[in-house]
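Worksheet: one structure, shown below.
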Amino acid sequence: MATVHIMPRGVEGWLLKVEGEKIKDGFFATREEALRVGRTMCDTLRADLVIHNPDGTTTRQ
């Protein structure tokens, strides 16, 4: 099963990475945009979503 990770990348924006699938990483200016795309990918791939917060904690959805 794939896992979609959304993580901050400095002040530049948010990185979306899919673990377990051969899909290119995505880069987004806002967290909201990365979450929207990540949730859609999770629905399509039946994957888990892991959000890496700026403080180092993670949230699974």
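Roll a 1.4 angstrom probe over the protein heavy atoms and tell me the percent of accessible area of the chain that is carbon or sulfur. Of all accessible area on the chain, carbon and sulfur atoms account for 51 percent.
Using a 1.4 angstrom probe on the protein heavy atoms only, line up T30, T58, T3 by accessible area, largest first. List each step's numbers first, then the result.
Working: T30 60, T58 80, T3 20 Å².
Descending accessible area places them as T58, T30, T3.
Principal-axis analysis of the Cα atoms of the chain puts helix 31-45 at an angle of about 10° to the longest axis. Solvent-accessible area per residue in the chain equals 67 Å², computed with a 1.4 angstrom probe and all protein chains kept. A cut-off under 13 angstrom between Cβ atoms defines the neighbours of E21, and their net charge, with Lys, Arg +1 and Asp, Glu -1, is +1. Taking the chain as a Gaussian network of alpha-carbon nodes connected by springs under 10 Å, the highest mean-square fluctuation of the residues L35, L45, L15 belongs to L45. Per-residue ellipticity at 222 nm from helix content only, as computed over the chain with -39500 (n - 2.57) for each DSSP H run of at least four residues, stands at -8000 deg cm²/dmol.
Would you mind checking the range 1-26 for residues with the amide N under 18 Å from a putative spin-label position 7 Å along Cα→C-beta of Q61? Within reach of a label on Q61: 2-9, 13-19, 26. In percent, what relative contact order does the chain have, based on Cα pairs under 8 Å that are 6 or more apart in sequence? 36 percent.
The values are calculated or read from the model by the stated rules, or taken from the named source; none is laboratory data. Bear in mind the structure is a predicted one, so any value in this text is a computation, not a measurement. Ideal geometry is used to build each Cβ from the backbone, glycine not excepted, and the neighbour counts take in all protein chains shown. Note: accessible area is taken over every heavy atom of the protein model, side chains too, but ligands, DNA and RNA are not part of it. Shrake-Rupley method; radii C 1.70, N 1.55, O 1.52, S 1.80 Å.
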